Amino acid sequence: MILILRWILLPISLIYFLTVWIRNQLYDSGILKSKSFDIPTIVIGNLAIGGTGKSPMTEYLVRLLSSHYTLATLSRGYGRKTTGFQYAQLSSTAAEIGDEPLQFKNKFPKLTVAVCEDRCKGVEILKKDHQVILLDDAYQHRKLNPGFTILLFDFASLFSMMITLPTGNFRDTFSASSRANLIVITKCPRQLSLAQKQQIEYRIRRRSAAPICYSTIEYDQLRNRNHIPVEFDLSVYHILLLTGIANPQPLKEYLLDKVASIKELTFADHHNYDEADYIKINTAFQHLKGNKIIITTEKDIHRLHIDVFAALPIYYIPIQLDFITDRQIFDKKILNYLSHAQSVNKH
């Protein structure tokens with residue numbers, strides 16, 4: 001029924017496509033102005049809605065660069081209930097700064113993490129005390145002209161129709177990939193075939209000459225709500241898989257052959273959990289038999305902060321981006337850009 005409804009909305013998708021295409025043309029032609037900065041700025045973005053792995057990519061860049069540069073991450077802070085520029089603190093909540101910035105701050109306490117819906121304003125504030133700014137999910141923020149752009153494509157999305165919202169899942173036109181300096185295909189199967197790579201590259205090369213790298217998800221050890229690793233023999237546990245992310249399927253597939261059974265409870269991406277949700281979650285959990293725990297995502301654990309959730313045995317599995325091929329090409333491109341940018345700015 002939902003699929004039928006989305007196809008009924010195809011005329012709206014055509015209008016959306018034209019609106020986005022015209023906007024991009026106005027920026028590309030210089031009629032609408034973008035602002036550049038004399039500090040290196042790296043944008044991580046995508047063309048489709050959610051689920052492409054922007055957060056793991058941002059974390060990968062933090063690990064790559066933090067020992068060499070004074071870094072800051074800047075994002076909109078999607079899902080927060082505040083507005084304007086905000087610094088993340090270890091005492092912050094997802095309602096104040098958003099779940100992903102809170103995740104970054106908890107994982108990298110010394111990192112400057114900031115949110116601002118106006119990215120240009122955010123960069124202006126941050127540039128005085130930092131050498132590099134990573135902009136999470138800013139590919140469509142055309143008011144800012146980044147120094148370097150990383151475009152992510154979810155592997156599965158490249159084998160389906162690329163149609164704009166609301167019929168499809170793309171919020172930008174495929175031609176926008178021409179702006180990318182690097183393209184990373186995320187969530188690939190580890191045994192990526194030559195035929196699959198050729199099909200992907202055939203699609204992308206019609207619009208972009210940027211280097212293409214391939215990555216997958218690496219799952220870390222299970223952790224409790226205090227971020228301490230724990231060990232379970234999951235094979236004897238019945239799992240309530242609790243998710244409020246764009247695409248929980250990869251996590252489910254990872255767990256399928258590791259646990260006794262899985263019952264799913266899914267919410268919308270960036271869902272803010274409340275006491276009514278607790279009742280729903282607790283009821284689903286109580287219906288499980290035998291040994292049982294709740295497993296959720298790293299993003300979700302930061303939104304499950306209400307005291308009532310403390311009574312439930314909730315754990316999460318962190319993820320990291322892991323390159324299948326071309327890690328050295330990726331790293332070299334990033335480091336060369338920063339080296340060149342610093343050299344130019346000194347003069």
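Could you tell me which of S208, Y254, S235 has its Cα farthest along the dipole of the stretch 205-265 towards the positive end, charges placed at Cβ (Lys, Arg +1; Asp, Glu -1), taken about the Cα centre? It is S208. Rounded to the nearest 0.05, the FRET efficiency derived from the C-beta distance between K258 and N282 at R0 = 41 Å is 0.95.
Largest accessible area first, the residues M161, M57 order themselves as M161, M57 under a 1.4 Å probe with ligands, DNA and RNA left out.
Working ranking of peptides 167-176, 262-271 by packing, defined as the average number of other Cβ atoms within 10 Å per residue, highest first, is 167-176, 262-271. Rounded to the nearest 500, the 222 nm mean residue ellipticity of the chain from helices alone is -10000 deg cm²/dmol, with -39,500 (n - 2.57) taken per DSSP H run of at least 4 residues. The DSSP beta bridges internal to the stretch 142-241 are antiparallel in roughly 10% of cases. For the peptides 191-200, 323-332, the ranking by packing is 323-332, 191-200, with the highest mean count of neighbouring Cβ atoms within 10 Å listed first.
Taking a straight Cα-Cα cut-off under 22 Å and skipping sequence neighbours fewer than 8 places away in the same chain, the lysines within cross-link reach of K292 are K252, K258, K263, K280. Accessible area per residue for the chain is 48 Å², calculated with a 1.4 Å probe on protein heavy atoms, without ligands, DNA or RNA.
Over the chain, Cα pairs under 8 Å with separation of 6+ residues give a relative contact order of 20 percent. Taking all protein chains as shown and a probe of 1.4 angstrom, D233 keeps an accessible surface of around 90 Å².
For the pair S91 and N226, the difference between a 0.36 nm per residue extended length and the Cα-Cα distance amounts to 47.3 nm. Using the Cβ atoms and a cut-off under 12 Å, what net charge is assigned to the surroundings of Q320, where Lys and Arg are +1 and Asp and Glu are -1? Taking every Cβ under 12 Å from that of Q320, the sum is -3. Once both labels are positioned 7 Å from their Cα atoms along Cα-to-Cβ, the gap between S160 and Q342 label points is 4.2 nm. Accessible surface of the chain, 1.4 Å probe: 54 percent of it comes from carbon and sulfur atoms. Here the calculated FRET efficiency for R190 and S235, from their Cβ-Cβ distance with R0 = 25 Å, stands at 0.65, rounded to the nearest 0.05.
The values are calculated or read from the model by the stated rules, or taken from the named source; none is laboratory data. Fair warning: this is a prediction, and the values are worked out from it, not measured in the lab. When we count neighbours, we look across all protein chains shown, and the Cβ atoms used for this are built from the backbone with ideal geometry, even at glycine. All accessible areas refer to the heavy atoms of the entire protein, side chains included, with ligands and DNA or RNA removed. Shrake-Rupley method; radii C 1.70, N 1.55, O 1.52, S 1.80 Å.
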